[in-house]
Amino acid sequence: MSYPVRIFVVGVLALLTPNVQAQLVTAQTPTVLPKDTPSSALSILSAPPQDKGLPYTRSAQKRALSALKNTIALCAGGRYAYVYGYKVRLDTLDILRGEAFRQNDKLFVPEAAAGLAQLNQFTPKPMPAGLNLLADRWVYDLPRTAIKLPPSVERRKVGNQTYIALTDYARHLGRQVKQTPRGLLLIGTGPIGYDEAKDPVLADAIISLFDTPEKYIEPQLATRYIPFLNKQGDVTKHARITPAQLADLDGPEPTWPEPPRSSYDLTGFNAQLLGSVVPAPGVYPRLLFSPQDIPMLQAHIRANKVTQKALIEMEVLFAKSWLNPQSSDGKVFEQLASGALDTKAVVTGNAGPAAYHVAALTNDHKPGIFNTHINYVSNCLTTMALYCLLTDNKTLGRKVANAICSYYRLVEPKVDEHLRTSDSEFGTSPDNAGHSVHQWRGMHTVVPHMDLAFSLDFAGAFMTDTQRRFMQQLIAKATYGRRTNGGDGPRRAWRDINHVTWHLTHHICQATIEGLDGFDPEGYASGSELTRDFLTWGIDEDGFAFESNGKSGGGLQFQILAMIVQARRGDNLWGHPHWRKFLTGQAYMTAPNGRETVTSGTWGGSPLSAQAISEIKAFYPNDRAADWLLSTQYPNLDWATFDLAAYRKQIELNSDRLRLPGPTYPGFVLGFPYAADWKPTRRSDLALDNSWKTDTYGYLSATSDSTADASWMALHARANHYIGSGHHHADLGMFYFSGLGVNWFTESPFPKTYTGKNHNLVIIDGKAEADGPPAGVQYLGVQTSPQVSFGSIDQTYAYTWQWCTQVMDWGTGFSRLDSAVARNGWELEPNPDLIRYFRGTKRYKMRPWWPTANFSNWTPTLRALWNPVQYVYRSAGLVRGTHPYGLVVDDARKDDQPHRYEWAAMLAKGVWQANVPNLPTGAVVLAHRSELEKGWAKPKPQAPLNPKAGDPLLLVYDLEANTPAVQTATDGPDEGKGPQPYNRLTFTRTADKARFRVLMLPFRAGEALPNISYQNNRAVIQWADQTDTLIFDDSTDNRTRITVNRNALTIGQSR
């Protein structure tokens, strides 16, 4: 069977000349694809003609400039002017935001642009040789001189800058001036013949000339001319947004507060690791350290066993692979180093994001070092260059430099091909739209972006001048005029996500060529700002990361490397107050036994990257939180007794699963060369509070004491959730509970699954919060006292609505609807706090989660009905004492009809039902067996466990006597193998509403359970040495408030 492919014709035909219309109509004959074409290719559209001057085609700029010859052209909303055909920057102070704007029929520009009106001609310095492919994005330097403006020139103050009416000044000078309705200003010394109305397509091409790497002048032009955007259509065609809401969204972009520099604290910072002054341009190494700093790093490595261990791993792994001429790696290394590689054997990608990628050097190359998540060849060669620097091995260094340059010469043609391609060609399918003319995404797969900068920086000292020049120009071609994810958006939205940190590789690349041809000052300034902004919004003021540890870890490596790069250049962000609290926040999010670190979302149960922790430890050597977090991940590692010689022999015998350490291997290795030996540390050494919260994120961490056996309740609200995309799951209001050294309730075995029923929530008729992704909750806050800590959340909105902020094809992915419920489809999320994130952002090219602007049109957060409910409330907390315990209270009602309500909690590894007799109705006891942990990901039903005296147990008791069940559910996500099983505990009731009041009491086998009585909303829990009374009050608004009394005194309450 063959598949017809949709052709790009809609929307543009009415604007084209009859001749061009005919060519496009002729092109409508469907292309037939082979029957084995992958599904991702079935939606490929045809690109428009590239030689007709259409916007966003290869010929657009040439045609537009030919119409503007002999003029100085500017446009409202633009940061550039075209001076007799040459692009120049308007501002010299705010090079990222110095835009022209129109007011009172005048065009205002930064004062630095006043001299444009005086120019009779402009002959700039020619573009550097070898960078001609950057001609369409090159920004020329314009000499600036101070100008005394006449009083007739109107002025405006914008922030701290003065803007002047260039229209006034041009007329004062006697220039010809033409302004168009779309904001174009043309200045000339003679008559200006351009007529905007004469040729609409040409007019569109001219307007699009003034797009910046991060913004469109008129975003509707991209929708009109880029095929996939045209097919998708503007958001207003798919979602209801009222005129008043549109006007609000078109308002000015908000200013977001950020910590002042005066709040930065560098106490305890190891500034020695920053090295000495940055060397002159073109001298390497320069990014992380200078040539004269190598002895300092060598001394640091010798002083720490963790770094010596990494150096041993490098030596052993290289000896077995790249330095072994009989190995597959060794053969490739020899060919690369000698320049004898058969380029015809090089394997490249097929289509989509991988279309420009050098996938393999030979068909039979087999990597000799275990690896994932990296570009193997460039990573190994780059790390080997670092090894040569640190061991003063110049002979091997020169060989590595030759191999690196040979490798990147294979990459260069792909970079050139990418540079020749237009956005209307990229924007033909979701896969192809992973590339863009002005975004780093896409190009970052053409070049091995994690290694590119360091390939030059570490090997540059061993290269010839010709080799260095080649690498410098390759970096310039790959990076100039591009923005990264987040850098193509506003200051606030999206700068809190791991893609921002991953793509700081662009920023680091720019630093390798600072002061040289092809260095992009805008790109570097944008990267510097992103590095700071992630610390401000990616980590809150209490140290909580916006995104899960599992998704943040890899990108954090490039955040840290960028922070080192910037600190060496006078912009030290290591004292940022959010960053200073980051590891302490991680300690509060880690179970007392150290075996679970609790964030939320994809891989939310993962510990923070040990690489990042060990590097922070190097720069803050007295950070005890770093010591404890590393001790939890490496409980059997004590550097005081670690035998390096024995370790070398061990890995010489077996290194099968050993990864190559190095700074460009993100997330899966310990830091190198920045790491420091940590001290074996217990949680009690940290002097942590027993209750910790963050109101920005909405998180409660409550422990009974500072020991590893402490009871611990963690509650997530994710109050700062604002987008309908990303790695956030349907888990708002999820809790975790530990006690007696056992993690009892954590996550399901599906760390990438969004579905609400696979999290610790109340399920109503098989639905919890919207599967992907839910709307936000109302965080009601934390109430805490020395004995009691409770957090409270109103989850009603997250159950009722789903959100969407990312669209490929409407009705798929995050824009999929439950049509039986969401009969009215999508509409703008009306919450003013969320609208604020998107106000004034319509022109930005940033697209939340990860695509380029060719993938999707601008979409603010939308909502659609998911499972309307009257209310869902949750309060969860911990009561301390001789006998600490947890309590989770839920109130839920869908409507006035009977429904099935399930209180669900995912059982942690090794947890199953215990055989304990004579329990009250609504109670179950859980036990833990370490031998069951291996089968947790693919569990099978078990007989109840028979506890032995002293075993840790957990009594889980729903005071409302709802029916309990410990079960292996079989409705998990389908991962290509059918629905997967998972273990959970449920309490179930079918009624018109449900109340769950669930006690969690840790005890040891053989201990007497307390007497528990419950009636009239009052529970009494009585041990021999502790009696607590819990009073539940839901009379106000169906939300239960809890009061805890002990010895006739109130010791705590919920909100």
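The values are calculated or read from the model by the stated rules, or taken from the named source; none is laboratory data. This is a predicted model, so every value here is computed, not measured. For neighbour counting, all protein chains shown are included, and Cβ atoms are generated from backbone atoms with ideal geometry for every residue, glycine included.
Restricting to strands (runs of 3 or more DSSP E) lying wholly in the range 820-922: which have 3 or more residues that are not hydrophobic (A, V, I, L, M, F, W, C)?
On the way: elements: 826-828, 862-865, 871-879, 885-893, 899-906, 911-913.
Fully inside the range 820-922 and qualifying: 871-879, 885-893, 899-906.
Can you tell which of Lys344, Lys394 is at negative phi, at pLDDT 95 or above and out of contact with any strand residue (DSSP E or B) (no Cβ under 6 Å at 6 or more places or on another chain)?
From the options Lys344, Lys394, the qualifying one is Lys394.
Quick one: is Gly877 over 30 Å from Pro786 (Cβ atoms) and touching a residue at least 60 places away in the same chain (Cβ under 8 Å)?
No; evaluated as a whole, the condition is false for this residue.
Restricting the first residue to the range 834-858 and requiring it to be farther than 16 Å from Asn485 by Cα, which pairs with a second residue that is of a type in the set (Asp, Glu) and part of a loop (DSSP other than H, G, I, E, B) meet a Cβ separation below 9 Å and a spacing of at least six or different chains?
Ile835/Glu829; Arg839/Asp250; Arg839/Glu253; Gly840/Asp250; Gly840/Glu253
Among the residues of the range 1006-1027, write down those that are in contact with a strand residue (DSSP E or B) (Cβ under 9 Å, 6 or more places away or on another chain) and touching a residue at least 24 places away in the same chain (Cβ under 8 Å).
Those that are in contact with a strand residue (DSSP E or B) (Cβ under 9 Å, 6 or more places away or on another chain) and touching a residue at least 24 places away in the same chain (Cβ under 8 Å): Leu1009, Pro1010, Ile1012, Tyr1014, Ala1019, Ile1021, Trp1023, Gln1026.
Scan the range 46-74 for residues that are farther than 25 Å from Glu417 by Cα, touching a residue at least 60 places away in the same chain (Cβ under 8 Å) and part of a loop (DSSP other than H, G, I, E, B) and jot them down.
Those that are farther than 25 Å from Glu417 by Cα, touching a residue at least 60 places away in the same chain (Cβ under 8 Å) and part of a loop (DSSP other than H, G, I, E, B): Leu68, Asn70, Thr71.
Which of the helices (runs of 4 or more DSSP H) found entirely inside the range 436-552 contain at least 3 residues meeting this: among the polar types (S, T, N, Q) and under 19 Å from the mean Cα position of the chain (by Cα)?
Numbers: elements: 440-446, 452-459, 465-479, 498-502, 505-512, 521-533.
In the range 436-552, the matching helices (runs of 4 or more DSSP H) lie at 521-533.
For the condition surrounded by 13 or more Cβ atoms within 10 Å (Cβ to Cβ), under 28 Å from the mean Cα position of the chain (by Cα) and assigned to a loop (DSSP other than H, G, I, E, B), what is the one hit in Pro281, Pro254?
Pro254
Within the bounds of the range 314-333, is there any residue that is in a loop (DSSP other than H, G, I, E, B), out of contact with any Leu (no Cβ under 8 Å at 6 or more places or on another chain), under 26 Å from Gln467 (Cα atoms) and basic (Lys, Arg)?
No, the range 314-333 contains no residue that is in a loop (DSSP other than H, G, I, E, B), out of contact with any Leu (no Cβ under 8 Å at 6 or more places or on another chain), under 26 Å from Gln467 (Cα atoms) and basic (Lys, Arg).
Could you list all residues from the range 926-956 that are within 24 Å of Asn758 (Cβ to Cβ) and assigned to a strand (DSSP E or B)?
Hits for the range 926-956 are Leu926, Ala927, His928, Leu945, Leu954, Val956.
Are any residues in the range 976-990 in contact (Cβ under 8 Å) with a residue 60 or more places away in the chain and either surrounded by fewer than 16 Cβ atoms within 10 Å (Cβ to Cβ) or in a strand (DSSP E or B) (or both), and if so, which ones?
Tyr982, Asn983, Arg984, Leu985, Thr986, Phe987, Thr988, Arg989, Thr990
Here is a check on your reading of the model: is Pro964 assigned to a strand (DSSP E or B), at pLDDT 95 or above and in contact with a Gly (Cβ under 9 Å, 6 or more places away or on another chain)?
When the stated conditions are applied, Pro964 passes them.
Would you be able to say whether some residue in the range 686-706 is outside any loop (DSSP other than H, G, I, E, B), among the small types (Gly, Ala, Ser), surrounded by fewer than 24 Cβ atoms within 10 Å (Cβ to Cβ) and in contact (Cβ under 8 Å) with a residue 60 or more places away in the chain?
Checked the range 686-706: at least one residue is outside any loop (DSSP other than H, G, I, E, B), among the small types (Gly, Ala, Ser), surrounded by fewer than 24 Cβ atoms within 10 Å (Cβ to Cβ) and in contact (Cβ under 8 Å) with a residue 60 or more places away in the chain.
Return the pairs, sorted by first residue and then second, in which the second residue is part of a helix (DSSP H, G or I) and modelled with pLDDT of 95 or more, the first residue lies in the range 405-427 and is under 20 Å from Thr223 (Cβ atoms), the beta carbons are less than 7 Å apart, and the residues are 6+ apart or on different chains.
Ser424/Tyr225; Ser424/Pro227; Gly427/Pro227; Gly427/Phe228; Gly427/Leu229
Can you spot a residue in the range 511-525 that is touching a residue at least 12 places away in the same chain (Cβ under 8 Å) and in contact with a His (Cβ under 8 Å, 6 or more places away or on another chain)?
yes
Can you go through Ser424, Ser406, Ser429, Ser378 and tell me which one is within 22 Å of Arg58 (Cβ to Cβ), of a type in the set (Ser, Thr, Tyr) and part of a helix (DSSP H, G or I)? Give the derivation first.
Numbers: Ser406 fails: within 22 Å of Arg58 (Cβ to Cβ); Ser429 fails: part of a helix (DSSP H, G or I); Ser378 fails: within 22 Å of Arg58 (Cβ to Cβ).
None of the other options fit; the residue is Ser424.
Working only within the range 707-734, note down all residues that are surrounded by fewer than 24 Cβ atoms within 10 Å (Cβ to Cβ), more than 19 Å from the chain's Cα centre (by Cα) and among the hydrophobic types (A, V, I, L, M, F, W, C).
If the condition is that a residue be surrounded by fewer than 24 Cβ atoms within 10 Å (Cβ to Cβ), more than 19 Å from the chain's Cα centre (by Cα) and among the hydrophobic types (A, V, I, L, M, F, W, C), then Ala708 is the only one that fits.
The conditions are (1) over 18 Å from Arg286 (Cα atoms); (2) part of a loop (DSSP other than H, G, I, E, B), and Lys414 fails exactly one of them. Which is it?
(2) is the only condition that Lys414 fails.
Given the structure, is Trp936 modelled with pLDDT under 95 and within 23 Å of Ser711 (Cα to Cα)?
Judged against the criteria, Trp936 is a match.
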